[in-house]
Amino acid sequence: MFVQQFSDSELLGAIAQGDEAALRELVERHSAWLLLRLRRRTPDQDLAAEALHDAFVAVWRSPRSFRGDGDVGAWLWGIAIRQLVSRLRKRAQPVPMESRMLSALSPTVRSAEDELLVAVEHGSVGDALRSLSPELRQVLQATVIDGLSTREAAHLLGIPQGTVKSRARIAKSKLREQLISLEARS
């Protein structure tokens, strides 16, 4: 068993050599937070679980696709969200994103990313985000927080790419104004 003695990158190297125990360790380290984030993007919990499973199947099949630059967790998130988007594409109707508070997580399950997201949601940035319309907030969440491309965000949200770009521009401008206003009051 790999008890935090190997880095995620080293685990990927072992997976590339066919080491199933390394894959199990990578799943143990990352599946909880990945599933949490996927569940925040769709009300269909089974769909989120299927996307997570498919993400780790993709890792097993192609661990060498990790170029080594950046964090393995971010790379895994990119795979997982694209798996979810791919599954959503197969649906006839777009599924609206769901918002859930992360504060319900036990401290042992929280990652640094979860802590940052909670701080953003409940701090001045969260206040500024809540001042935006749901449409603008969804575009920012998809493109900025989730790191989706304009095309992927458009598909996920069920709107044209040009609308994603326009809403992102407007949302960033309004968010900037809100943050300047909040800072001036402090």
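Summary table
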| quantity | calculated |
| --- | --- |
| Some residue of region 66-89 being of a type in the set (D, E, K, R), within 20 Å of the chain's Cα centre (by Cα) and at pLDDT 90 or above | no |
| Residue check for residue 87: in a helix (DSSP H, G or I), out of contact with any strand residue (DSSP E or B) (no Cβ under 6 Å at 6 or more places or on another chain) and closer than 25 Å to residue 159 by Cβ | yes |
| Hey, residue 176 crowded, with 19+ Cβ neighbours inside 10 Å, out of contact with any Ser or Thr (no Cβ under 7 Å at 6 or more places or on another chain), at pLDDT 85 or above and part of a helix (DSSP H, G or I) or not | no |
| Of the criteria (1) in a helix (DSSP H, G or I); (2) more than 20 Å from residue 16 (Cβ to Cβ); (3) not hydrophobic (A, V, I, L, M, F, W, C), which one residue 41 fails | (1) |
| In region 129-146, the residues that are assigned to a loop (DSSP other than H, G, I, E, B) and under 14 Å from residue 40 (Cβ atoms) | 146 |
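Condition check ((1) at pLDDT 75 or above; (2) out of contact with any Ser or Thr (no Cβ under 7 Å at 6 or more places or on another chain); (3) surrounded by 12 or more Cβ atoms within 10 Å (Cβ to Cβ); (4) closer than 29 Å to residue 32 by Cβ) across all residues:
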{"position": "95", "(1), (2), (3), (4)": "no, no, yes, yes"}
{"position": "108", "(1), (2), (3), (4)": "no, yes, no, yes"}
{"position": "112", "(1), (2), (3), (4)": "no, yes, no, yes"}
{"position": "122", "(1), (2), (3), (4)": "no, yes, yes, yes"}
{"position": "137", "(1), (2), (3), (4)": "yes, yes, yes, yes"}
{"position": "155", "(1), (2), (3), (4)": "yes, yes, yes, yes"}
{"position": "172", "(1), (2), (3), (4)": "yes, yes, yes, no"}
{"position": "186", "(1), (2), (3), (4)": "no, yes, no, no"}
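The values are calculated or read from the model by the stated rules, or taken from the named source; none is laboratory data. Quick caveat: nothing in here was measured; it's all calculated off a predicted structure. Neighbour counts run over all protein chains shown; Cβ positions are idealised from the backbone, glycine included.
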